[in-house]
1. Counting only residues that are farther than 25 Å from Lys164 by Cβ, part of a helix (DSSP H, G or I), in contact with a Ser or Thr (Cβ under 7 Å, 6 or more places away or on another chain) and not β-branched (Val, Ile, Thr), how many does region 1-54 have?
2. Of the residues Ala71, Ala109, which single one is aliphatic (A, V, I, L, M), in a helix (DSSP H, G or I) and surrounded by fewer than 17 Cβ atoms within 10 Å (Cβ to Cβ)?
3. Is it true that Trp46 is surrounded by 14 or more Cβ atoms within 10 Å (Cβ to Cβ) and touching a Lys or Arg at 6+ places or on another chain (Cβ under 8 Å)?
4. Does any residue of region 97-105 turn out to be touching a residue at least 24 places away in the same chain (Cβ under 8 Å) and over 24 Å from Thr56 (Cα atoms)?
5. Ala102 passes all but one of (1) surrounded by 17 or more Cβ atoms within 10 Å (Cβ to Cβ); (2) in contact with a strand residue (DSSP E or B) (Cβ under 9 Å, 6 or more places away or on another chain); which number fails?
6. Hey, among Ala54, Ala24, which residue is of a type in the set (A, V, I, L, M, F, W, C) and modelled with pLDDT under 95?
7. With respect to Ala71, determine if the residue is out of contact with any strand residue (DSSP E or B) (no Cβ under 7 Å at 6 or more places or on another chain), of a type in the set (Gly, Ala, Ser) and closer than 26 Å to Ala106 by Cα.
8. Mind listing whichever residues of region 41-61 are of a type in the set (Asp, Glu) and touching a residue at least 12 places away in the same chain (Cβ under 8 Å)?
Amino acid sequence: MFQETHQTPFGWLTVHSNGQAVTALDWAMTSSDNDQNADDVSRETWRQIKEYCAGTRRDFDIPLAPETSPALNRWLNIMRRIDCGKTVTYKTFAEMAGAPNASRAAGSACARNPIPLIIPCHRVTKHDGSLGNYGAIRSLSPKDHRNLAIKAALIAHERQIMDKILIYNDFMNSSR
């Protein structure tokens, strides 16, 4: 197993790789930069994470191999279809999975996501628009304000990315 850890504007992040694909991503409250056990996959993942943090990347294009059940993999694949800058409710996420009455299962899939950020469980919120839970730092409760602050910051960051794209497109269309 390979791994690489760096700080992002959202907290410390460790990318885990099996040498061919990302297998997990862990948030931490404290850490230190460490690329001594990095491989090509973790380095490429970090390149893309830096672009995402800079606002120049919306989606990730890296091989993923989460160590999960087939059922959870199905939920995770559907979760990856939630567009950057958008949020959906747990109910809508369940409907996307063809299980309209499975909001709790949708929430469980978010909670068990081993590759948060890249598989965007932060884009799933409660029906009233509130954040719901977020288990970024697994040593903390998903209701902990530090985890919810990461979720809120990721959602706000993505909305800023999309706002910049809209402004750019409007400018380009008006200058023709």
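The values are calculated or read from the model by the stated rules, or taken from the named source; none is laboratory data. Every value quoted in this text rests on a predicted model; they were computed, and no experiment measured them. In this analysis, Cβ positions are derived from the backbone assuming ideal geometry, glycine residues included, and neighbour counts consider all displayed protein chains.
1. Residues meeting the conditions: 1.
2. Just a single option satisfies the conditions, and that option is Ala71.
3. It is false that Trp46 is surrounded by 14 or more Cβ atoms within 10 Å (Cβ to Cβ) and touching a Lys or Arg at 6+ places or on another chain (Cβ under 8 Å).
4. Yes, region 97-105 contains a residue that is touching a residue at least 24 places away in the same chain (Cβ under 8 Å) and over 24 Å from Thr56 (Cα atoms).
5. Of everything listed in (1) surrounded by 17 or more Cβ atoms within 10 Å (Cβ to Cβ); (2) in contact with a strand residue (DSSP E or B) (Cβ under 9 Å, 6 or more places away or on another chain), Ala102 misses just condition (2).
6. The conditions single out Ala54.
7. Taking the combined requirement at face value, the residue satisfies it.
8. Within region 41-61, Glu44, Asp59, Asp61 meet the criteria.
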